[in-house]
Amino acid sequence: MEKLQPQEHVKEIQKLAMSKIKRRELLKLLPIGAASISLPLFNESLIKQGLSFSDWVSETLYNPNQLAEVFTDSQVTEFKKFPYNTYDKDDPEVDLENWRLSVEGLVEKAGDYKLEQIQALPKYTQNVRHICIEGWDVIGNFAGAKLADFLKMIGADSKARFVEVICADYYYSSYDMASCLHPQTLLCYEMYGKPLDRGHGAPLRIHMPTKLGYKSCKYLISLRVSNILSKDKGFWEDQGYSWFAGI
Amino acid sequence: MKNLFFGQKVKIVDKEKTILYIYEHPLFVRLTHWLNALSLAILIMSGLEIFSAFPSFAEKIPQVDLINIPSVLRLGGWLGGAIQWHFTFMWVFIITGIFYLFLCFFTGYWKTIFFLPKDIKGLLPMIKHYFFFKPKPPQIETYNALQKFAYTIVIILGVFSVITGILLYKPIQFSFIVYLLGGFKLVRLWHFLTMCGFLFFITGHIIMVILHGWGNFLSIIIGWKKNIDNTNISKNS
Ligand code: HEM
Ligand code: HEM
């Protein structure tokens with residue numbers, strides 16, 4: 001093979017190449033190696049912050065006018081194929097006769113509300129998709145009052161930031177005000193044309209097609225409007241699910 | 001010597017033999033390659049844990065599970081933990097990807113990696129070489145036609161995984177696109193299949209890396225590849 005002499009101008013690079021190719025240089029990779037090994041050590045806080053960052057982006061980019069797709073009656077999932085999905089038992093044995101929704105916080109008319117008072121508000125019916133964080137989805141038929149109308153009725157401070165709810169099965173959650181005012185967010189008392197059955201949250205549940213299923217709380221007993229979120233943000237949220245959960 | 005970013009060649013006369021060093025992988029490629037490998041591994045493993053919460057693409061009732069993913073392949077411990085991993089490293093993956101593609105176009109590196117119509121004729125000889133042990137066609141560029149083909153496909157896969165991922169993350173905000181891609185259940189399936197595509201690529205990629213040996217592996221870390229093969233000394237020195 002013919003011998004080739006390096007030209008002047010490549011000498012610098014030649015030196016570079018020689019030095020770079022030394023295995024000793026691999027030592028420079030140690031910090032990267034160390035970083036990836038120590039990743040599990042600080043992953044807990046890292047990935048929790050990753051989730052809150054995603055939540056922050058989601059909330060910032062949230063479009064309150066974006067409507068969920070609505071479906072025809074023939075596209076609705078059969079009633080018996082709509083799962084009862086609870087964290088505990090399907091029936092917390094709510095006393096339907098004496099049930100009241102207790103309302104407190106930044107509202108003009110705090111107190112206990114009867115189901116009839118909520119049913120007196122304009123009724124809306126919608127066929128929308130219900131998406132679970134696990135990955136399954138069903139199309140359900142939901143009817144009820146707009147949560148926005150109810151908040152107006154109780155004289156909620158429209159500038160308040162949060163709505164928090166508690167359920168008869170000790171489930172609880174909280175929402176950003178913008179999502180509560182969404183036109184498809186219902187205080188739902190009927191599914192598939194019949195009063196809510198016990199598995200689906202009798203007598204009153206929330207249904208928010210713009211959020212994951214765990215935000216559609218069932219068996220409501222209490223609702224609070226506030227500016228400061230309680231330490232307990234939600235049953236699943238406190239264990240690590242997204243708080244915003246907007247889809 | 002025109003391009004400072006890559007493609008530089010240096011010949012060194014070392015006692016008896018001539019050794020050619022080629023600067024094949026500019027720093028941005030090496031950096032994004034390993035960041036990408038890390039985030040992809042995390043996204044795949046946490047994705048498999050997410051999938052295991054409902055391992056089906058059909059109805060919830062009756063639920064027909066497709067496969068049981070072994071727990072060593074999963075990351076996150078439970079659905080919530082896996083989602084935290086997934087939603088953290090999706091940002092790393094997206095930002096790495098944008099940075100890489102931006103620099104590819106900015107530096108002209110895309111000419112090295114993208115499979116263009118002119119590469120079609122080189123594809124068959126390479127396939128014959130790899131799979132039927134035919135002689136190796138002369139190597140003129142950093143990547144042969146088959147490599148370009150694979151790398152271009154995997155970049156497109158990356159873009160598609162981000163699009164389908166964002167659709168699964170915000171199916172209501174982007175409901176029209178979800179509708180165009182066949183609805184929520186199918187978008188889940190597309191997202192899953194892009195992962196299968198990645199697994200297929202990674203398997204082949206790692207086999208190739210092992211076959212090509214230490215010097216080639218070193219090149220994606222330090223950038224320079226030692227090349228004693230004299231077939232390409234003749235060109236642009
Ligand atoms: C995890 C997913 C991976 C993906 C998507 C991936 C993708 C790629 C791509 C697109 C290139 C071309 C880079 C460019 O020039 O812009 C490349 C090159 C390379 N990768 Fe990977 N890679 C992965 C993992 C790995 C792993 C685990 C290894 C080592 C075992 C590896 C070793 C290499 C080497 C040695 C090259 C240079 C190939 C050559 O110069 O012929 N890659 N990879
Ligand atoms: C970078 C943007 C990405 C985003 C925003 C994203 C988002 C998501 C979301 C929201 C889910 C849950 C889907 C469900 O409801 O079941 C999911 C699942 C999954 N992701 Fe990603 N992902 C991204 C990238 C990736 C990548 C690059 C991979 C791997 C190649 C991946 C692999 C998976 C897998 C295997 C699942 C489980 C499949 C399923 O249950 O549908 N993801 N991803």
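The values are calculated or read from the model by the stated rules, or taken from the named source; none is laboratory data. Keep in mind it's a predicted model, so treat the numbers as computed, not measured. No Cβ is skipped: glycine too gets one built from the backbone with ideal geometry, and neighbour counts run over all protein chains shown. All accessible areas refer to the heavy atoms of the entire protein, side chains included, with ligands and DNA or RNA removed. Shrake-Rupley method; radii C 1.70, N 1.55, O 1.52, S 1.80 Å.
Data overview
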{"item": "Selection from the range B:50-71 of residues that are within 12 Å of ligand 2 (Cβ to nearest atom) and either open to solvent by less than 20 Å² (accessible area, probe 1.4 Å) or farther than 30 Å from residue A:80 by Cβ (or both)", "result": "B:51, B:54, B:55, B:56, B:69"}
{"item": "Filter result for the condition that a residue is surrounded by 23 or more Cβ atoms within 10 Å (Cβ to Cβ) and not in a loop (DSSP other than H, G, I, E, B), over A:179, A:173", "result": "A:173"}
{"item": "Single match in B:69, B:83, B:95 (criterion: assigned to a loop (DSSP other than H, G, I, E, B), within 14 Å of chain A (Cβ to nearest Cβ) and more than 15 Å from ligand 1 (Cβ to nearest atom))", "result": "B:69"}
{"item": "Unmet criterion (only one of (1) buried (at least 19 other Cβ atoms within 10 Å of the Cβ); (2) away from every other protein chain (no Cβ under 11 Å); (3) within 16 Å of ligand 1 (Cβ to nearest atom)) for residue B:74", "result": "(3)"}
{"item": "Verdict on residue A:233 being charged (D, E, K, R) and crowded, with 23+ Cβ neighbours inside 10 Å", "result": "no"}
{"item": "Count of the range B:16-66 residues which are more than 9 Å from every other protein chain (Cβ to nearest Cβ), within 9 Å of ligand 1 (Cβ to nearest atom) and aliphatic (A, V, I, L, M)", "result": "5"}
{"item": "Enumerated strands (runs of 3 or more DSSP E) restricted to the range A:47-148, each holding at least 2 residues that are surrounded by 18 or more Cβ atoms within 10 Å (Cβ to Cβ) and away from chain B (no Cβ under 11 Å)", "result": "A:101-105, A:123-131, A:137-146"}
{"item": "Helices (runs of 4 or more DSSP H) within the range B:123-237 that include 3 or more residues open to solvent by less than 30 Å² (accessible area, probe 1.4 Å) and more than 10 Å from chain A (Cβ to nearest Cβ)", "result": "B:145-169, B:184-222"}
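Conditions tested, residue by residue: (1) free of Cβ contacts under 8 Å to residues at least 24 places away in the same chain; (2) of a type in the set (Lys, Arg); (3) part of a loop (DSSP other than H, G, I, E, B); (4) at negative phi.
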{"position": "A:151", "(1), (2), (3), (4)": "no, no, no, yes"}
{"position": "A:163", "(1), (2), (3), (4)": "no, no, no, yes"}
{"position": "A:183", "(1), (2), (3), (4)": "no, no, yes, yes"}
{"position": "A:223", "(1), (2), (3), (4)": "no, no, no, yes"}
{"position": "A:229", "(1), (2), (3), (4)": "no, no, yes, yes"}
{"position": "A:233", "(1), (2), (3), (4)": "no, yes, yes, yes"}
